[in-house]
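I have placed the structure first, in the form of structure tokens, so that the comments after it can refer back to it.
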Amino acid sequence: MSARYEKFDILRGLAIVGVILIHITAPLATDDDVLAIVVNQISRFAVPVYFILSGWGLTIADSYKRSASYGDFLKKRFLGIFPQYFLWNIIYLVYTDVWNIPGDLSWGMLYDIAKSLLMGTIYNHLYFVPVILIFYMAYPLLLKIANKYGIMISLVITMLSQVSDLWIEHEYFYMNKNVFNWLFFFIFGVWLAKNFTEKVQYVQKYKVPIMLGALVTMMMVIFTPFVVGGVFDYNLALASTRPSVIFYSLMVVLLIMVVPFRNERLNPIFLTLSKYSFYIYLSHYLFVDFLRTSYVNAGLHLNTVIYILLFLLLVTLASLAVGVVTRKIEQR
């Protein structure tokens with residue numbers, strides 16, 4: 001099978017829409033708006049899918065084997081994402097001014113900024129890049145252990161790590177920035193890419209069970225905040241880093257593999273979003289925050305459906321425009 005598998009490009013486009021929806025609905029979800037919670041939870045497959053597709057994409061393209069050396073492999077990976085990541089860290093730093101940066105920066109403040117840059121904590125969603133860079137650095141090892149035993153062990157590690165968030169809050173190993181909370185997804189993607197054609201053919205036999213599994217796991221994810229939200233930290237009950245989301249995300253990936261996607265209107269949209277997904281991911285939160293602040297300051301009170309649809313449209317178009325312009329600048 002070709003390294004280009006259009007269904008996964010479409011899935012990546014769906015995932016970036018999911019990321020935007022998560023961040024649009026988050027404040028409403030924490031305020032117990034039922035529709036916002038449902039939309040927020042349905043979208044929780046998004047970031048896990050990104051990690052799965054990252055591992056899959058590296059492996060299906062033989063990126064490591066085609067590199068001249070380990071250093072050459074890392075150079076290509078880092079240069080592909082770190083410059084944009086650094087730029088957007090600066091943009092968010094200036095936008096929020098969370099550090100109250102004076103004209104004369106102290107060494108202590110520079111250290112704190114550098115540490116936050118490395119950990120992806122300057123803004124809420126930036127953790128993704130440091131985590132994926134760690135997986136890139138460990139890729140030769142992960143490639144070797146990505147077998148049926150490796151994915152089972154990594155599943156246990158990820159589940160235990162996610163559950164531990166209920167009791168342990170650590171600066172470096174907590175929720176999104178905890179690399180072990182995402183380990184299974186990346187390794188699963190690597191494993192999935194091995195003999196991928198055979199796996200695609202194999203899962204076709206189980207179309208109905210996969211569809212039912214996707215529905216059941218989605219309902220489990222949706223009901224979690226309502227069932228345990230009053231028992232545990234509500235942010236944990238809503239988060240993508242919980243075991244129920246693992247199985248839901250896997251079902252979404254399998255579902256996209258067995259269900260035909262031939263919509264002549266929607267497919268080009270999701271393929272375009274997929275093409276610019278990294279730029280959209282980095283930039284979208286700026287527009288989410290700006291629109292939300294403007295919305296509150298204007299004293300608007302739109303119903304939830306209009307609020308979500310309007311913000312989704314505006315944020316998607318604005319961040320897509322950023323992606324298109326950025327790509328053109330990079331290609332000059």
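The values are calculated or read from the model by the stated rules, or taken from the named source; none is laboratory data. This one's a predicted model, so the numbers in the text were calculated from it and none came from an experiment. Cβ sites come from the backbone with ideal geometry, for glycine too, and all protein chains shown count toward neighbours. For the accessible areas, the whole protein counts, side chains as well, though only heavy atoms, and no ligand, DNA or RNA atoms are used. Shrake-Rupley method; radii C 1.70, N 1.55, O 1.52, S 1.80 Å.
Quick one: grab the alpha carbon gyration tensor of region 164-290, order the square roots of its eigenvalues as a ≥ b ≥ c, and give me rounded if a/c is under 1.5, else prolate or oblate depending on whether a/b is larger than b/c.
It is prolate, given that a/c is not under 1.5 and a/b is the larger ratio.
Which order do 158, 272, 326 take when ranked by solvent-accessible area (1.4 Å probe, heavy atoms of all protein chains), largest first?
Most to least solvent-accessible, the answer reads 272, 326, 158.
Largest first, how would 186, 261 line up by accessible area (1.4 Å probe)?
261, 186
Taking springs between alpha-carbon atoms closer than 10 angstrom, which of 163, 129, 227 fluctuates most in the Gaussian network model of the chain?
Its mean-square fluctuation being the largest, the pick is 227.
Using only the alpha carbons, work out the radius of gyration and Dmax of region 74-218 in angstrom.
19.3, 65
How many percent of the accessible area of the chain is carbon or sulfur, using a 1.4 Å probe?
Carbon with sulfur: 67 percent of the solvent-accessible area.
Taking every pair of alpha-carbon atoms in the chain, give the share separated by more than 24 Å as a whole percent.
That fraction is 57 percent.
Would you count, across the chain, every pair of lysines whose alpha carbons are under 15 angstrom apart, provided the pair is eight or more residues apart or spans two chains?
Eligible lysine pairs with Cα atoms under 15 Å apart amount to 12.
Arrange the residues 170, 301 by how much accessible surface each exposes, largest first, with a 1.4 angstrom probe.
Listed by decreasing accessible area, they come as 301, 170.
Given the whole protein assembly as supplied and a 1.4 Å probe, what does the accessible area of residue 218 come to in Å², nearest 10?
50
Report the net charge of residues surrounding residue 165, where surrounding means a beta-carbon distance below 10 angstrom and charges are Lys +1, Arg +1, Asp -1, Glu -1.
-1
What would the Debye formula give as log10 I(q)/I(0) at q = 0.24, 0.31 Å⁻¹ for the alpha-carbon point model of region 8-53, no solvent?
Treating every Cα as an identical point scatterer, log10 I(q)/I(0) equals -0.73, -1.00.
Counting only heavy atoms of protein chains, what accessible area per residue, in Å², does region 178-332 have with a probe of 1.4 Å?
51
Let me know the shape class of region 219-332, please: from the alpha-carbon gyration tensor, a ≥ b ≥ c as square roots of the eigenvalues, rounded when a/c is under 1.5, otherwise prolate if a/b is greater than b/c, or oblate.
Because a/c hits 1.5 or more and a/b fails to exceed b/c, region 219-332 counts as oblate.
State in Å² the accessible area per residue of region 14-100; use a 1.4 Å probe, count heavy atoms of protein chains only, and round to the nearest integer.
42
What is the sum of charges around residue 191, taking Lys and Arg as +1, Asp and Glu as -1, for the other residues whose C-beta is under 13 Å from the C-beta of residue 191?
+3
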